[in-house]
Amino acid sequence: MKAFRWSGLIGFAVILALVLVIGLFFLDNWAKSGLEAGGTRVNGAEVNVGDVDLTLSPVGFNIRNVQITNVQRPERNLFEIEQARLDINLAQLFLGRVNIDQLVVDGMRADTEREQPGRVLERKTSEDDGPGLGDRARAGAAERVDAIRTELPDAGSAANDALTRTREAVEASETELAGALERARNAVDQLPNQASLDDYDRRIESLRNREVNSLEAVRQLQSDVEALQKEVAADQLSIAEARQAAGNAVDTGRQSLQRVSRAPAEDWVALRAAYPLNRASALKAGRLLLGDALFDRIDQYQNYYRQAAPWLRRLAPSSGDEDAGPERLDGRFVRFDHPNPAPDFLLDQARVGFEADGWPWTLTLADVTGQQRLTNEPVTLELTRGEGDNAALRVEGTLDRRQDEARDRFRISGRDLGLGPRQVTIAGTDLDWQPGQVDLGGDITVTGGELDGGLNLTFAGTDFQTQGSGRTVELLQRALADISDFELGIKLSGTVDSPGIEITSDLDNRLNDALAAVLRQEYDRWLAEARSALDAEVDRLREPLEAEQQRIVERRDEVQQRADEFQQEVVAKLEALKDDIASERQRLNRALEEQKQKAEDKAREEAEDAIEGLDLPSF
């Protein structure tokens, strides 16, 4: 029995040789086209491959001049790769699986310019697309800077605008005083005029000069005086009403001015409430010190993560990919369970070297596959800035898709990051800041797109120098002179598409205390100016009111004076006349009584004389 059928072996060799020849001539172009088409579909924008060469020892490909278009900026590349080398496991390839033993990428650069804009595929706009983490953090910092730098309004303008209640009280007082003055004037008009006084004087003098030589004349004079007294009493009633009206007008004006006097205190309280000294919003030093540079970097990394999302999703197994194959006889192939299944795609090791920010960077990857449940290993990565043990920044991460919910973990550490000097503005004062040595550490977890974790930056040997002169500059420089070492924390939350950031620092309390003193001093000065302006404006508003009140008082005084004149020139004279009449009446009565007595005495004497002259008989 023959072990081999030579005719079959020869036929197989011929077919294999034919396949190899065709592969050598055409496989490079097939691979190039496949990489460009597949990369464009996953990236969402055009991917260009300059050249692909098949290597036989080891089996693999050399890929050169790869350009991956930036979806947001098609005129630039997200990445550009000079050369990539892939070593492929040939045995697994014959089994229909792509197993890359090693991937080495050299000369990768980010954000390079393209000769012409790349083609961008249409994509659905995510509702979560919006400002990045850095944009919102920078906006928050700007709000706080504005809160510090925004000057209080002009003290005079603020005081003028604040006098709402005072102006309302002044307007009401103007109406009340006008009415009070009118009533005071009417009261003056109710008083007997000079002609009336002269008439009273003439009539009183006429009565006084009347000849009275009998009781009948006295009774007639008294009757005429009583008639005149009734007229005087009527005028006295008018005078009393005028006194009351004038006094009430003065009281009304005084109360009105008191309300005007109370209103500025209410307006002052409102002004203080409208422009408070808010210590809480004085400063968040962390946001200011981190500045645009870090926020821009955060936005850049966030953008990288977003653009890597389509590639990362390739790591997640599709529903049922690992648990069930096609049913028997369903289609062209029949699959049988394998005792040791392997993933359809596996990248054992990868190393990517590139330069950015003037530093050499290295990215290493291991166990990259979309069927992690088969390998039972997550994707591991390490990103370093620098070389070897002297790496200034190291990011170690795992991309775990073995469960239904994806979980990515990153541990970040760095030393002497070399942040450059920058200038910040605090309370309107420019500061030159030398960060000194900056160390970094922290952990970040992304679970189902949800962010958690944070970073901590430690600053040592930092130095602040103020620019300019003045009391504020002096106080800030004195406060910052003792600040050399401090920590700054960045806490992340939210989602990758809509992240949140919270920055804390022990530097905040120190600067807040220093700024509180500065702001308090400036605020007190502004309050003093505002108070002075408010008082001056109140005085200006009160001046015509007080002049009006003075006119009311003058009318009341006129009423008082004329009432007193009436009392002296009419009432007093009339009372004196009445007294004189009473005296005259008493005199006449006495004279009458004397005459009567004399008549009686004379009659008695005459009677006695007559009786004595009679010759009466004696008994």
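Residues of the range 349-368 falling in the label zone of ASN62, defined by backbone nitrogen less than 19 Å from a point 7 Å along Cα to beta-carbon, are 351-353. Using θ = phi - 60° in the Karplus curve 6.51 cos²θ - 1.76 cosθ + 1.60, the 3J(HN,Hα) couplings for the range 218-223 round to 5, 5, 5, 5, 5, 5 Hz; x is entered for Gly and Pro. Taking amide H atoms as placed 1.01 Å from N in the peptide plane, the amide H of ALA45 lies under 5 Å from those of LEU121, each 5 or more residues away in sequence or on another chain.
For GLU605 and GLN423, the difference between the fully extended length at 0.36 nm per residue and the C-alpha to C-alpha distance is 51.6 nm.
Simple rule: put +1 on each Lys or Arg Cβ and -1 on each Asp or Glu Cβ in the range 475-614, find the dipole, and look at VAL559, LEU534, LEU574; the Cα lying farthest toward the positive end is LEU534. Note on SER33/ASP485: beta-carbon distance plugged into 1/(1 + (r/R0)^6) with R0 of 60 Å gives a FRET efficiency of 0.55. Remark: the range 161-178, residue by residue, has Karplus-estimated 3J(HN,Hα) of 6, 7, 7, 5, 5, 4, 5, 5, 5, 5, 4, 5, 5, 4, 5, 5, 5, 4 Hz, where x stands for each Gly or Pro and the curve is 6.51 cos²θ - 1.76 cosθ + 1.60 at θ = phi - 60°. Summarising the amide proton neighbourhood of PHE79: residues at separation of 5 or more, or on other chains, whose placed amide H is nearer than 5 Å comprise ILE68, ASP111. Solvent-accessible surface of the range 145-234, taken per residue with a 1.4 Å probe and all protein chains present: 58 Å².
Stretching the chain fully between ASP404 and THR364 yields a gain of 11.8 nm (0.36 nm per residue, less the alpha carbon separation). Couplings 3J(HN,Hα) for the range 199-209, derived from phi with the Karplus relation 6.51 cos²θ - 1.76 cosθ + 1.60 (θ = phi - 60°), are 5, 4, 4, 5, 5, 5, 5, 4, 5, 5, 7 Hz, where x marks Gly and Pro.
Inter-label distance, THR447 to ASP539: 6.9 nm, where each label sits 7 Å from its Cα along the C-beta direction.
Ordering ALA273, ASN213, GLN244 by Cα displacement along the dipole of the range 189-274 toward the positive end leaves ALA273 in first place; charges were set at the Cβ atoms of Lys, Arg (+1) and Asp, Glu (-1).
Amide H contacts for GLY418 (H built 1.01 Å from N in the peptide plane; partners 5 or more residues away or on another chain; cut-off under 5 Å): VAL438.
What is the calculated FRET efficiency for GLN550 to GLU115, with r their C-beta to C-beta distance and R₀ = 51 Å, to the nearest 0.05?
On the way: r = 89 Å, r/R0 = 1.75.
About 0.05, to the nearest 0.05.
The values are calculated or read from the model by the stated rules, or taken from the named source; none is laboratory data. Computed from a prediction, not measured in an experiment: that's the story for all the values here. Methodologically, a virtual Cβ is constructed for each residue, glycine included, from the backbone with ideal geometry; neighbour enumeration extends over all protein chains shown. Each accessible area value is taken on the protein alone, full model and side chains, heavy atoms only, with ligands, DNA and RNA left out. Shrake-Rupley method; radii C 1.70, N 1.55, O 1.52, S 1.80 Å.
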